[in-house]
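A.B. asks: Pasting in a structure now, in structure tokens, and then I'll have a few things to ask.
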């Protein structure tokens with residue numbers, strides 16, 4: 001799931017677009033490059049996000065090597081929004 005675009009389903013950020021930057025057994029760690037930076041991702045349970053089928057392939061490598069910047073996250077979200 002790392003590198004996928006997701007929507008928040010609950011909380012004050014409901015409906016907001018994020019990218020999964022990490023995951024563990026219970027949570028996704030989400031960043032949007034603006035309020036939620038890679039250095040401080042939002043922790044959300046699986047059931048509180050809606051998964052899209054859009055995968056940011058270029059980010060997967062960057063996230064794996066820890067070289068991903070917040071600007072890369074913002075660019076990927078912008079590309080996702082413009083494709084519709």
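A.B. asks: Among 66, 14, 43, which is the only one that is without any contact (Cβ under 8 Å) to a residue 24 or more places away in the chain and assigned to a strand (DSSP E or B)? Please lay out each step first, then the result.
C.D. replies: Working: 66 fails: assigned to a strand (DSSP E or B); 14 fails: assigned to a strand (DSSP E or B).
Just a single option satisfies the conditions, and that option is 43.
A.B. asks: Continuing with this model, one more query. Select from region 17-40 the residues that are part of a strand (DSSP E or B) and within 11 Å of the chain's Cα centre (by Cα) and list them in ascending order. Walk me through how you get there before you give the answer.
C.D. replies: Of region 17-40, the ones part of a strand (DSSP E or B) are 17-23, 27-31.
Once the filter is applied, which keeps residues that are part of a strand (DSSP E or B) and within 11 Å of the chain's Cα centre (by Cα), region 17-40 yields 17, 18, 19, 20, 21, 22, 23, 28, 29, 30, 31.
A.B. asks: Follow-up. Of the residues in region 1-11, how many are touching a helix residue (DSSP H, G or I) at 6+ places or on another chain (Cβ under 8 Å) and either closer than 11 Å to residue 44 by Cα or assigned to a strand (DSSP E or B) (or both)? Walk me through it before giving the result.
C.D. replies: Initially, region 1-11 is screened for residues touching a helix residue (DSSP H, G or I) at 6+ places or on another chain (Cβ under 8 Å), giving 2-3, 5, 8-11.
Narrowing the set further to residues that are either closer than 11 Å to residue 44 by Cα or assigned to a strand (DSSP E or B) (or both) leaves 5, 8-11.
Number satisfying all stated conditions: 5.
Only the coordinates and a few stated rules stand behind these numbers; no lab work does. Owing to the predicted nature of the structure, the values given are computational and were not obtained by experimental measurement. For neighbour counting, all protein chains shown are included, and Cβ atoms are generated from backbone atoms with ideal geometry for every residue, glycine included.
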